[in-house]
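The values are calculated or read from the model by the stated rules, or taken from the named source; none is laboratory data. No experiment lies behind these values; they were computed from the predicted model shown. In this analysis, Cβ positions are derived from the backbone assuming ideal geometry, glycine residues included, and neighbour counts consider all displayed protein chains.
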Amino acid sequence: MSKEKKKAVLLVSGGLDSATVLAMAHAQGYECYALSFDYGQKHSAELNAAKKVAQLFGAVQHQTLRLDLNVFGGSALTDDEIEVPTAQSDASEGIPVTYVPARNTIFLSMALAWAEVLKSDDIFIGVNAVDYSGYPDCRPEFIGAFETMANLATKVGVEGHHLRIHTPLIDMTKAQIIQAGIEHKVDYSLTVSCYAADAQGRACGVCDSCQLRRKGFEDAGVSDPTIYL
């Protein structure tokens, strides 16, 4: 009798990092359940990319939840009155306007709910604390605190299971992430990282995310497949 695969819920945005994490989990033999969010972001190109990436790595299911965070605004990614900056953020200047308030807390909570229903003890998220924009919900301290909470706040946690939040990219540079993805056969041409991509997924080339992505490919010595405006 073949051993049943372990199930994992993966947050898949359609960007470079989450595609790499999905590829890693797939390579580890997990039965992958992809979760994306239509949260009121200014473009839907990344959701189209998430669908393609989920299909590429054979996700058992791919759910896209609608969460209207633009009702609150407060971020350049969700608020029409705040423009996406065209210069790379400086950590010394504080948290950038592209930070979406409580986004990863909300996303991980939804992933936790689905994991509990699936009887899965594993959630994967592509947060990174090296080449990133200074978001507080990408730090190891946040992930550790959320994992502790998850095991206190759920039926499965109380019954003795240990829910784990996997962050395989947390200590990697963008170049290292890309190199790992190439090893796992990620087609980065399918991914969209730009904060201001057009309907076809073409990147602006000047936002913080575009600059980090472009530098990552340069540092990795890998041809950048991104289509820029």
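So here's what we get for this one:
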item	result
Check on Leu169, buried (at least 20 other Cβ atoms within 10 Å of the Cβ) and under 23 Å from Glu4 (Cα atoms)	no
Ala129, sole failed condition from (1) surrounded by fewer than 17 Cβ atoms within 10 Å (Cβ to Cβ); (2) out of contact with any Asp or Glu (no Cβ under 6 Å at 6 or more places or on another chain); (3) small (Gly, Ala, Ser)	(1)
Matching residues, the range 24-58, being surrounded by 23 or more Cβ atoms within 10 Å (Cβ to Cβ) and among the small types (Gly, Ala, Ser)	Ala25, Ala34, Ser36, Ala49, Ala50, Ala54
Helices (runs of 4 or more DSSP H) wholly inside the range 117-229 that include at least 3 residues being modelled with pLDDT of 95 or more and more than 18 Å from the chain's Cα centre (by Cα)	140-153, 208-220
Identity of the residue in the range 173-229, among the polar types (S, T, N, Q) and farther than 25 Å from Ala25 by Cα, that ends up surrounded by the most Cβ atoms within 10 Å (Cβ to Cβ)	Gln211
Unique match (being among the β-branched types (Val, Ile, Thr) and under 30 Å from Lys185 (Cα atoms)) among Val84, Val71, Val127, Val97	Val127
Only one of Val97, Val21, Val71, Val9 that is touching a residue at least 24 places away in the same chain (Cβ under 8 Å) and under 23 Å from Cys194 (Cβ atoms)	Val21
